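Right, one structure below, let's go through it.
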Amino acid sequence: MSAIVSSATIRHLRGSAQKARLVVDLIRGKRVGEAQWILNSTKKYAAAHIKKLLDSVVANAIDQDPEINPDELFVSTAYVDEGFRMKRVRPAPQGRAYRVQKRTCHITMTLGMEE
């Protein structure tokens, strides 16, 4: 079993939850160093934001306990929830209007340490 060390959340990130889940699924269960390497080499919009979140979670863990070695931490849980949708109007033929939904998502990440 692993002990939860720290957690952090990004809220209202522009981009769909489905696309962010593709990136989060790559790093779930991996060690912090390996997860950072994966996020650096992933060419998706959400990867840069998730890397920033991962760095924040590691910094939170070090702030809570300076004795922690970041190399021993791993991503224990990471999940993406759907946020609100910004509703916009796009012009359409014959004076009509099409509705456009710009999606957002919330990403939560928790680090653990092997006991």
Round to a whole angstrom and tell me the spacing of the C-alpha centers of region 1-49 and region 56-104. 10 Å
Just the ratio, please: alpha-carbon radius of gyration of the chain over 2.2 N^0.38 Å, N its number of residues. 1.31
For residue 30, list the lysines whose Cα falls under 21 Å from its own Cα; do not include residues on the same chain fewer than 8 positions away. 19, 43, 44, 51, 52
Quick check: pseudo-label points 7 Å beyond the Cα along Cα→Cβ at residue 92 and residue 4, how many nm apart are they? 4.4 nm
Charge-dipole axis of the chain as Lys and Arg at +1 and Asp and Glu at -1 on Cβ define it, positive-most pick from 7, 74, 108: 108
Compute, for region 8-115, the length of the dipole vector about the Cα centre, with Cβ point charges of +1 (Lys, Arg) and -1 (Asp, Glu) only. Units Debye, rounded to 20. 1640 debye
Output the 0 to 90 degree angle, nearest 10, between the alpha-carbon long axis of helix 17-27 and the longest principal axis computed from the alpha carbons of the chain. 20 degrees
What is the angle, in °, between the Cα long axis of helix 32-41 and the longest principal axis of the Cα atoms in the chain? Nearest 10 is fine, range 0 to 90. 30 degrees
Go ahead and set up a Gaussian network model of the chain, Cα springs under 10 Å, then flag whichever of 30, 87, 51 fluctuates most. 87
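Any read-out appearing in this document is the output of simple, stated calculations on the displayed coordinates, not a laboratory observation. Small disclaimer: the values here were computed from a predicted structure and weren't measured. Heads up, the Cβs are rebuilt from the backbone with ideal geometry, glycines too, and the neighbour counts pull from every protein chain shown.
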